[in-house]
Amino acid sequence: MKKIALLFLFSVLLYSCNSNYSVKGKIENMPVQKFRLEELTVDENVFVDSGTTKVDGTFELSHKTHEESLYRLKFEKGKYILLVLKEGDKANISGDWNMLENYKVEGSAGSETMKGFLVNLRENIKDINTIQVIMDSIKANPSKDSLRKSAEADMRIINTRFMDYIKKFADTTKSVSCALFAVNMINPAFEGPYVKSFYEQITKRFPNSTSAKSFAAKFSGKKIESTKAETPTEGTAAPDFTANTPEGTSFTLSSLKGKYVLVDFWASWCAPCRQENPNVVAAYQQNKSKNFAIVGVSLDSSKEKWTEAIAKDGLTWIHVSELNGWGSAIARNYQVNSIPGNFLLDPNGNIIATNLRGESLMQKLNEVVK
């Protein structure tokens with residue numbers, strides 16, 4: 001009996017040392033729905049588990065992982081929560097379906113760190129959006145040139161502060177998943193030396209992390225042409241991108257090769273954009289049956305406001321957004337510093353015109369789209 005008891009105790013201890021992580025939650029006002037958990041790896045999103053929420057908004061799941069990893073808890077209507085989980089974590093999530101971005105999480109140090117990062121990120125983006133609204137208003141009145149220069153200087157300061165915050169977080173966090181998530185917000189075409197240094201150090205900081213090794217290996221295989229990207233101009237190839245539509249599906253710009261494409265940068269909060277939208281609608285209606293498409297790239301951070309503006313303004317073309325405001329990687333690749341802004345591409349994906357407005361947009365489309 002003593003041997004059996006000792007064997008049982010050993011089994012319990014062994015099980016506890018190899019315990020799963022668990023995720024439990026209660027989201028107020030959430031309709032009953034299916035959810036899924038995905039692991040976000042260097043190359044793909046890997047399905048882990050799924051389930052159905054209960055009437056009271058509760059849900060739970062558990063799984064096993066060999067090391068800390070980044071996960072996405074995915075709900076309907078494109079809503080999700082990012083989690084950083086490792087063995088032994090008991091993540092407990094609470095929130096409201098109508099304001100899911102304000103969720104709270106306990107019992108998982110990595111997930112709490114990620115949540116804090118996202119909150120600070122959102123505050124920085126609000127500052128950028130505020131200055132951009134001021135700049136857009138000033139640009140509508142050319143006589144306020146001195147105010148424009150002051151606003152542009154403020155924007156540069158805020159952008160620098162924003163980037164410095166991301167770098168400091170990536171360099172100091174004790175979570176490898178949080179560090180990798182943060183550095184992947186930085187465009188190596190602009191910050192090549194920093195990103196190179198980060199990946200050289202990440203495997204030393206986290207020597208046992210498979211994720212760190214995978215991301216570092218992938219980066220080392222990339223060729224960075226320069227530390228400063230060339231400004232996309234007429235006659236150059238338009239930077240390709242992939243982003244989600246309002247429905248949560250993935251869209252890639254290069255899938256439209258063979259058509260003339262207007263890549264239109266805008267946002268629901270941008271008054272000049274909303275004023276220009278009727279002209280874009282008219283141009284689309286006249287040319288949509290021809291070899292022509294529009295891809296609206298929104299610099300919104302609120303999905304609700306983005307989709308409301310699409311419906312209200314009658315924008316019936318393709319729409320994508322990273323919902324990251326002025327932190328948009330697509331906007332950085334196109335070096336968009338103000339909106340509205342657009343790029344007209346030929347069927348080969350080359351830029352043939354930029355910043356077409358009103359009648360000039362219609363005239364250019366009449367000239368090239370047949």
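Identify, by number, the condition in (1) modelled with pLDDT of 95 or more; (2) among the aliphatic types (A, V, I, L, M); (3) not assigned by TED's automatic domain parsing to the domain that holds residue 23 that residue 93 doesn't meet. So residue 93 meets the others, but not (3).
On the stretch given as segment 206-224, residues that are more than 16 Å from residue 70 (Cβ to Cβ) and assigned to a helix (DSSP H, G or I) total 3. Criterion first (at pLDDT below 90, polar (S, T, N, Q) and surrounded by fewer than 19 Cβ atoms within 10 Å (Cβ to Cβ)) does residue 233 satisfy it? So residue 233 fits the description; yes. In contact with a Gly (Cβ under 8 Å, 6 or more places away or on another chain) and basic (Lys, Arg): which single residue out of 288, 218, 257, 213 fits that description? 257 is the lone residue from the list that is in contact with a Gly (Cβ under 8 Å, 6 or more places away or on another chain) and basic (Lys, Arg). Identify all residues within segment 308-362 that are among the aromatic types (Phe, Trp, Tyr) and farther than 19 Å from residue 280 by Cα; write none if there are none. Within segment 308-362, 326, 334 qualify.
A single entry from 298, 255, 289 fulfils the requirement of being buried (at least 21 other Cβ atoms within 10 Å of the Cβ) and free of Cβ contacts under 8 Å to residues at least 60 places away in the same chain: 298.
If you filter segment 40-79 down to residues that are basic (Lys, Arg) and not in a strand (DSSP E or B), you find that the one that is surrounded by the fewest Cβ atoms within 10 Å (Cβ to Cβ) is 64. Scanning segment 85-117 for residues that are more than 21 Å from the chain's Cα centre (by Cα) and part of a helix (DSSP H, G or I) yields a single hit, 109. With respect to (1) surrounded by fewer than 22 Cβ atoms within 10 Å (Cβ to Cβ); (2) under 28 Å from the mean Cα position of the chain (by Cα); (3) under 16 Å from residue 258 (Cα atoms), the lone exception for residue 368 is condition (2). Checking the structure you have, find out if any residue of segment 262-270 is under 24 Å from the mean Cα position of the chain (by Cα), among the aromatic types (Phe, Trp, Tyr), buried (at least 18 other Cβ atoms within 10 Å of the Cβ) and at pLDDT 90 or above. So far as segment 262-270 goes, yes, one or more of its residues are under 24 Å from the mean Cα position of the chain (by Cα), among the aromatic types (Phe, Trp, Tyr), buried (at least 18 other Cβ atoms within 10 Å of the Cβ) and at pLDDT 90 or above.
The residue of segment 326-357 that is nearest to residue 270 (Cα to Cα), among those that are in contact with a Gly (Cβ under 9 Å, 6 or more places away or on another chain) and among the polar types (S, T, N, Q), is 355. Residue 307 falls short of the stated requirement of being of a type in the set (Ser, Thr, Tyr) and under 18 Å from residue 238 (Cα atoms).
Screening 121, 82 for residues that are touching a helix residue (DSSP H, G or I) at 6+ places or on another chain (Cβ under 8 Å), part of a strand (DSSP E or B) and closer than 21 Å to residue 169 by Cβ leaves exactly one candidate, 82.
The values are calculated or read from the model by the stated rules, or taken from the named source; none is laboratory data. Computed from a prediction, not measured in an experiment: that's the story for all the values here. In this analysis, Cβ positions are derived from the backbone assuming ideal geometry, glycine residues included, and neighbour counts consider all displayed protein chains.
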